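Working notes, beginning with the structure itself.
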Amino acid sequence: MIKAIIIDDEKPGREITSELLKLYCPEVNVVAQCENILIAKEEIRGKQPDLVFLDIQMPDGSGFDLLEQLEEINFDVIFVTAHDEYVLRALRFNAVDYLLKPVDEDELVTAVNKVIEQRKTSQDKLNIKSFIEQHLSGSKKPDNLCIPTSKGFKVIKLEEIVCCEANNTYTVIYLTDGSQMVSTKPMVEYDEMLTDSGFTRVHKSWLINMSHIKEYVRGEGGVVILSNNKSVDVSRRKKEHFITELKKVFKY
């Protein structure tokens, strides 16, 4: 059984999440519901939860403020938010998952299942405090990416990624050393995460690192030759966007 705490300043939000967990996630036991950071800190210290559903913005501070005030974080976090795309993109780097308000039962089940799978495989906890410092400071873009795999996770440098290929609900990541790794995250999440880090979606199946382009062959959409000599089709629909991004990176 997974001990969980729900932290949300809005009572209806807490009650809805709790009720959905009872209905769809019987393996989760809600041991406390908290309306502010002060109460949440005490409940976390006293109840020692395995999982926290954490609202981002509350009257006495943000959910990130709460995490920063804790001496240690020995639980998984699923953020609950209605906030902008930048925050959502950042959350995907290190959070177990996030839920948009109003909470959807299918997305809730998916998020909880991620926690369960990670606990089964004894995956190390991701460093949430590091995430807060790196991704919410706005001081620099991330240099590394945490890739979840079937065995756990691996941290790689963005510059080592040549391209990503969609494979159903998984993503195949091609690296500069010629190796490949399969991520359990779908392509759409990498598209959102890396769009401001020099990567461009050129096809529904392909996301490329613009710094690894060797050649572009014109055509209806065209073909990009990458540094690993892989040929990647550019879809007709993506061509204009690709050319625009190409001009930002190279003299064209």
From the set of residues in the range 217-252 that are surrounded by fewer than 18 Cβ atoms within 10 Å (Cβ to Cβ) and aromatic (Phe, Trp, Tyr), which is nearest to the chain's Cα centre (by Cα)?
Phe250
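Let's see how each residue does on (1) surrounded by 15 or more Cβ atoms within 10 Å (Cβ to Cβ); (2) aromatic (Phe, Trp, Tyr); (3) assigned to a loop (DSSP other than H, G, I, E, B):
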| residue | (1), (2), (3) |
| --- | --- |
| Ala4 | yes, no, no |
| Gly13 | yes, no, no |
| Ile16 | yes, no, no |
| Leu21 | yes, no, no |
| Asn29 | yes, no, no |
| Ile44 | yes, no, no |
| Phe53 | yes, yes, no |
| Glu72 | no, no, yes |
| Phe79 | yes, yes, no |
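Answer yes or no: is there a residue in the range 79-92 that is under 22 Å from Leu194 (Cβ atoms) and at pLDDT 75 or above.
From the range 79-92, those under 22 Å from Leu194 (Cβ atoms) are 79, 81, 83-92; that's our starting set.
Next, from what is left, pick out any that are at pLDDT 75 or above: 79, 81.
So far as the range 79-92 goes, yes, one or more of its residues are under 22 Å from Leu194 (Cβ atoms) and at pLDDT 75 or above.
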Considering every residue within the range 179-189, establish whether at least one is closer than 20 Å to Val249 by Cα and either in contact (Cβ under 8 Å) with a residue 40 or more places away in the chain or surrounded by 16 or more Cβ atoms within 10 Å (Cβ to Cβ) (or both).
no
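One line per residue, one yes/no per condition, for (1) in a loop (DSSP other than H, G, I, E, B); (2) within 27 Å of Ile73 (Cβ to Cβ); (3) assigned by TED's automatic domain parsing to the domain that holds Ile208; (4) modelled with pLDDT of 85 or more:
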| position | (1), (2), (3), (4) |
| --- | --- |
| Leu126 | yes, yes, no, no |
| Ser150 | yes, yes, yes, no |
| Val155 | no, yes, yes, no |
| Glu159 | no, no, yes, yes |
| Cys163 | no, no, yes, yes |
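Which is at pLDDT 85 or above and on the phi > 0 side of the Ramachandran plot, of Gln48, Gln69? Quick ask: steps written out before the conclusion?
Working: Gln69 fails: on the phi > 0 side of the Ramachandran plot.
One residue alone meets the criteria, Gln48.
So which strands (runs of 3 or more DSSP E) stay within the range 169-229 end to end and still have 2 or more residues that are touching an Asp or Glu at 6+ places or on another chain (Cβ under 8 Å)?
Numbers: elements: 170-175, 180-183, 199-203, 206-209, 213-217, 223-226.
Of the strands (runs of 3 or more DSSP E) lying wholly inside the range 169-229, those with at least 2 residues that are touching an Asp or Glu at 6+ places or on another chain (Cβ under 8 Å) span 170-175, 199-203, 206-209, 223-226.
The values are calculated or read from the model by the stated rules, or taken from the named source; none is laboratory data. What you are looking at is a predicted structure, and each value in this text was computed from that prediction instead of being measured. Don't worry about glycine lacking a Cβ; one is built from the backbone with ideal geometry, like all the others, and counts go over all protein chains shown.
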